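Notes to accompany the following structure.
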Amino acid sequence: DEDAQTVEEAALSRVADGGFEYECVDTSDELDHLVSQLADVRRLAVDTATNSTRPMQANLVGISLAWKPRCAVYIPIRGPLGARVLDVELVRCRLGPILGNPAITKVGHHLKYDTIVLANAGIELAGPKFDTLVAAHVLDSSRASFNLDVLVAEQLKHLCIPVENLIGRGSKQTTMDTVPINLVTDYASEDADVSLRLADVLEAALAREGLTVLFHNLEMRLMPVLTQMEQRGIRVDAAVLKR
C-alpha cells in the first residue's frame, strides 16, 4: 500500500544518503566549544533523551541539538555504568543560557514534553518555538499519526532509527540510560536533525495554506499554558464536579 511504499522509499533514502555528522559532546572542553559555536545561532532544534514517556516522572538522560541540516550533537548526562557523561550542573551552567535565550527560536517535536523535562532538571527552554507536532496537526488534524518517524518518512523520505533498536519492546524493554552512549548519540542526534529539517517543510506548508498566523498566534501561544497545567496540575472543586 501507499504507506508501505513511503517507508520503503525512506529506507532506501537512508541507505543511499549518508553524509550525516552526529557527534557526542562528553567533555567540558567539548561543551565549551559547542557553546561558542552556538553563540550566533538564531534557530536551534532541541530534543531530550529520557528514561520515561511521562515528563513529570522522567529523568533527563541527555540533550541533542541541531542548528544546520544533517549535523547534530548529543550531550550525555546519564548512561550505563562506566560511561563518560557530563554532570547536569555543568550542562545547566554552560548550556542553560543558550537554551534560555529568548532571541533563539527553539524547534522540536512535542516541545511541551522537552520543556517540562528540562525544567525539572533546572534548565529553562525559552524563546519563540516551532513545534513540528503542532504544525502537522494544524495542517491536517485528521491524520492517523503525528509520530515524528512517520512525518519524516513522508516529508523527508528518510527512515529514522526505530527506538526499539535501542531499548527493545515488551517485557524485555529497557530504558535509554542503559543503552551504550554511541547508539544513543546517533538516535538522539537524528531526532534533532530531522526535526530541524521537517520544520522547514511544515513552515512552508503553513504559509501555502494561509495557516501561519493561526499556528504562531494561537496554537504556539497556548503551549506555555498547557505546559504549566501539566507541571502544576489544575484545581478542581470536587463537589461542583460531582454535581
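The candidate values were (1) 262; (2) 135; (3) 173; the one computed from these coordinates for volume of the Cα convex hull per residue in Å³ carries the label (3). Looking at the square roots a ≥ b ≥ c of the eigenvalues of the Cα gyration tensor of segment 120-243, which shape do they give, rounded for a/c under 1.5, prolate if a/b is larger than b/c, or oblate? Since a/c reaches 1.5 but b/c is at least a/b, the shape of segment 120-243 is classed as oblate.
Each label was represented as a point 7 Å from its Cα along the Cα-to-Cβ direction; for K68 and V41 these points are 1.2 nm apart.
Based on the inverse mean of 1/r over its pairs of different Cα atoms, what is the Kirkwood hydrodynamic radius of segment 28-171, in Å?
Numbers: mean 1/r = 0.0612 Å⁻¹.
Every distinct Cα pair counted, the radius reaches 16.3 Å.
Just how large is the dipole of segment 57-116 about the Cα centre, in debye to the nearest 20, putting +1 at every Lys and Arg Cβ and -1 at every Asp and Glu Cβ? List each step's numbers first, then the result.
On the way: 8 positive and 3 negative charges, 39 e Å.
Dipole magnitude for segment 57-116 comes out near 180 debye.
Taking the centroid of alpha carbons for each part, segment 203-238 and segment 116-157 are 12 Å apart. Note on the chain: dipole from Cβ charges, positive end direction compared against V35, S145, L226; the farthest Cα belongs to L226.
Calculated from DSSP H runs of 4 or more alone, at -39500 (n - 2.57) each and per residue, what is the 222 nm mean residue ellipticity of the chain, nearest 500? Don't skip to the answer; put the middle values down first.
On the way: 10 runs with 115 residues, N = 243.
That comes out to -14500 deg cm²/dmol.
How much area per residue is accessible in segment 30-151 when the probe is 1.4 Å and only protein heavy atoms are counted (Å²)?
Values: 5180 Å² over 122 residues.
Per-residue accessible area for segment 30-151 comes out at 42 Å².
Charging the Cβ of each Asp and Glu at -1 and of each Lys and Arg at +1, and nothing else, the dipole of segment 103-157 about its Cα centre rounds to 60 debye. Annotation: extensible slack from A239 through T175 equals 19.0 nm (criterion: 0.36 nm per residue apart, minus Cα-Cα distance).
Treat every Asp and Glu Cβ in the chain as -1 and every Lys and Arg Cβ as +1, leave all other atoms uncharged, and give the resulting dipole magnitude about the Cα centre to the nearest 20 debye.
Working: 24 positive and 34 negative charges, 218 e Å.
Rounded to the nearest 20 debye, it is 1040 debye.
Cβ under 13 Å from M229's Cβ, M229 left aside: what net charge do those residues give with Lys, Arg +1 and Asp, Glu -1? Could the numbers behind the result be given before it?
On the way: positive: K112, R232, R235; negative: E230.
Once positives and negatives cancel, what remains is +2.
On full extension, the segment bounded by M56 and Q228 gains 60.8 nm, given 0.36 nm per residue less the C-alpha separation.
Can you give the FRET efficiency to the nearest 0.05 for L90 and A207, using r as the Cβ-Cβ distance and R₀ = 41 Å? Could the numbers behind the result be given before it?
Working: r = 40 Å, r/R0 = 0.98.
Step by step, r from the Cβ atoms, then E = 0.55.
Highest mean packing comes first when the peptides 21-27, 50-56, 226-232 are listed by Cβ atoms within 10 Å, giving 21-27, 50-56, 226-232.
The values are calculated or read from the model by the stated rules, or taken from the named source; none is laboratory data. The structure presented is a predicted model; accordingly, all values stated were derived computationally and were not measured. Every residue, glycine as well, gets a Cβ built from its backbone with ideal geometry; the counts of neighbours run over all protein chains shown. SASA here: full protein model, heavy atoms, side chains in, ligands and nucleic acids out. Shrake-Rupley method; radii C 1.70, N 1.55, O 1.52, S 1.80 Å.
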